[in-house]
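Reading through the structure tokens given below for one structure.
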Amino acid sequence: MTRTARAYTNIALIKYWGKKDQQLKLPYTNSLSLTLDRFYTDTKATIIDSDQDVVYLNNKLLDASQNKRILNYLTTVRKFYSFNDHFQIDSVNHVPTSAGFASSASGFSALAAAISETKQLNLSRRELSILARNGSGSASRSIYGGFVEWQAGHDNESSFAVPIDETPEIDLSLLSVVINKHSKKISSTVGMENSVKTSPFYPNWVTLVTSEIKEIKQAIAQKDLQKIGEISEHNAMSMHALTLSADPSFTYFAPETIRIIQLIQELRQKGIFAYATIDAGPNVKIICTKESLALVQEYIEQQLSDVTCVVANIGPGIQYV
Ligand code: 2P0
């Protein structure tokens with residue numbers, strides 16, 4: 001019987017922001033993430049007697065406009081491994097949009113693993129990471145648990161994630177602060193492309209990431225929480241500086257995003273451990289310790305009424321259930 005693949009989402013501490021190859025999703029820089037335990041996607045692939053794939057997401061059949069990206073991906077996978085089978089994909093997302101995380105990382109990671117399982121491709125985790133990357137860049141990292149580095153590479157075979165520490169004994173929790181009023185967002189694919197093409201600071205970003213990756217890996221090895229927090233926050237702010245300095249300028253920040261950044265600075269002044277990281281959206285993820293978590297959540301909820309807080313801890317790599 002075919003097993004269902006389960007992949008967890010991840011949060012980048014050193015962000016992936018810019019591709020040198022759009023088709024293969026080869027990034028300009030390495031990136032580094034933490035896999036989370038609360039949010040995951042379960043995906044099963046069944047071979048069907050048809051010349052078309054069908055995709056069910058959360059038990060609903062997707063129509064042509066909704067599943068285009070997944071169908072293109074399945075075509076790519078067939079080409080890679082030279083087979084002609086078509087699939088019924090059953091995917092259930094346990095990444096509620098209300099938790100403020102994108103589901104493409106866990107989604108394409110679970111899909112790559114589900115196809116590998118059904119077709120008995122016997123892929124190594126490195127090969128799975130490559131396959132997942134072709135669906136969505138950040139999915140390459142969700143193959144592994146804990147701290148994970150995606151090595152940029154220079155072609156399809158050399159761009160994959162590697163585990164840094166899959167079960168780190170480190171006192172880190174993540175508080176996702178979701179801003180309930182949302183404006184329409186620019187997809188990360190488009191946002192990063194505009195940043196690469198038009199921000200005068202893009203070459204500096206590449207240099208910065210190279211040094212911050214080295215520094216954060218050292219901090220992880222030394223379990224230096226404060227350093228991990230400082231580097232992560234600086235890296236996230238630098239990524240968002242690329243959007244502001246693009247032409248035309250754009251931002252993922254909402255007014256509440258700035259407010260939360262200020263609150264985090266106030267918390268630090270009070271001696272409470274809290275550092276911000278922000279992806280391609282207005283929500284703020286706060287890196288906390290187990291001790292600071294409740295204090296941080298209480299402070300944020302006191303100051304802001306229309307936000308939802310969700311807690312996640314360090315999570316595992318790909319699993320089969
Ligand atoms: C990251 N993000 O490292 C960065 C930080 C968002 C901000 O990876 O175009 O959905 O499918 O490769 O993986 C989101 O981008 O983009 C992302 P594609 P993806 O997590």
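The values are calculated or read from the model by the stated rules, or taken from the named source; none is laboratory data. None of these values were measured; they are calculated from a predicted model. Cβ sites come from the backbone with ideal geometry, for glycine too, and all protein chains shown count toward neighbours. Ligands, DNA and RNA are stripped out before the accessible areas are found, and what is left, the full protein with its side chains, is counted by its heavy atoms. Shrake-Rupley method; radii C 1.70, N 1.55, O 1.52, S 1.80 Å.
A few notes on this one:
- Only a single item in (1) open to solvent by 10 Å² or more (accessible area, probe 1.4 Å); (2) within 16 Å of the ligand (Cβ to nearest atom); (3) touching a residue at least 24 places away in the same chain (Cβ under 8 Å); (4) not small (Gly, Ala, Ser) is not met by residue 131, and it is number (1).
- Filter result for residue 32 (within 12 Å of the ligand (Cβ to nearest atom) and part of a strand (DSSP E or B)): yes
- Pick from the range 1-21, criterion closer than 30 Å to residue 47 by Cβ and part of a loop (DSSP other than H, G, I, E, B), ranking: nearest to the ligand (Cβ to nearest atom): 4
- Members of the range 52-79 found to be farther than 18 Å from residue 139 by Cβ and in contact (Cβ under 8 Å) with a residue 40 or more places away in the chain, listed by number: none
- Residue 12 meets the conditions (1) under 13 Å from the mean Cα position of the chain (by Cα); (2) open to solvent by 10 Å² or more (accessible area, probe 1.4 Å) in every case but one. The failed one is (2).
- Evaluated against (1) within 16 Å of the ligand (Cβ to nearest atom); (2) more than 17 Å from residue 135 (Cα to Cα), residue 70 falls short on exactly one condition, (2).
Table: residues versus (1) crowded, with 24+ Cβ neighbours inside 10 Å; (2) in a strand (DSSP E or B); (3) within 13 Å of the ligand (Cβ to nearest atom); (4) in the same structural domain as residue 16 (by TED's automatic domain parsing).
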residue	(1), (2), (3), (4)
107	yes, no, yes, yes
110	yes, no, no, yes
117	no, no, no, yes
121	no, no, no, yes
127	no, no, no, yes
138	yes, no, yes, yes
141	yes, no, yes, yes
153	no, no, no, yes
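- Within the set 83, 39, the sole residue that is out of contact with any helix residue (DSSP H, G or I) (no Cβ under 7 Å at 6 or more places or on another chain) and either among the polar types (S, T, N, Q) or touching a residue at least 24 places away in the same chain (Cβ under 8 Å) (or both) turns out to be 83.
- Of all residues making up the range 67-105, the number that are within 21 Å of residue 39 (Cβ to Cβ) and either open to solvent by less than 10 Å² (accessible area, probe 1.4 Å) or not acidic (Asp, Glu) (or both): 19
- Test: residue in the range 168-176 that is more than 15 Å from residue 314 (Cβ to Cβ) and either in contact (Cβ under 8 Å) with a residue 24 or more places away in the chain or more than 16 Å from the ligand (Cβ to nearest atom) (or both): no
- Scanning the range 187-202 for residues that are in a loop (DSSP other than H, G, I, E, B) and open to solvent by less than 60 Å² (accessible area, probe 1.4 Å) yields a total of 2.
- Output for the range 21-36, where each listed residue is surrounded by fewer than 20 Cβ atoms within 10 Å (Cβ to Cβ) and either in contact (Cβ under 8 Å) with a residue 40 or more places away in the chain or not assigned by TED's automatic domain parsing to the domain that holds residue 60 (or both): 22, 24, 26, 28
- Residue 46 meets each of the listed conditions (1) among the hydroxyl-bearing types (Ser, Thr, Tyr); (2) part of a strand (DSSP E or B); (3) within 15 Å of the ligand (Cβ to nearest atom) apart from (3).
- For first residues located in the range 241-255 and within 17 Å of residue 276 (Cα to Cα) and free of Cβ contacts under 8 Å to residues at least 12 places away in the same chain, partners that are assigned to a helix (DSSP H, G or I) and open to solvent by less than 100 Å² (accessible area, probe 1.4 Å) and lie 6+ apart or on another chain with Cβ distances below 9 Å form the pairs 251/240; 251/243; 251/244; 251/257.
- With respect to the conditions (1) within 16 Å of the ligand (Cβ to nearest atom); (2) out of contact with any helix residue (DSSP H, G or I) (no Cβ under 6 Å at 6 or more places or on another chain); (3) under 16 Å from residue 174 (Cα atoms), residue 260 falls short on a single one, namely (1).
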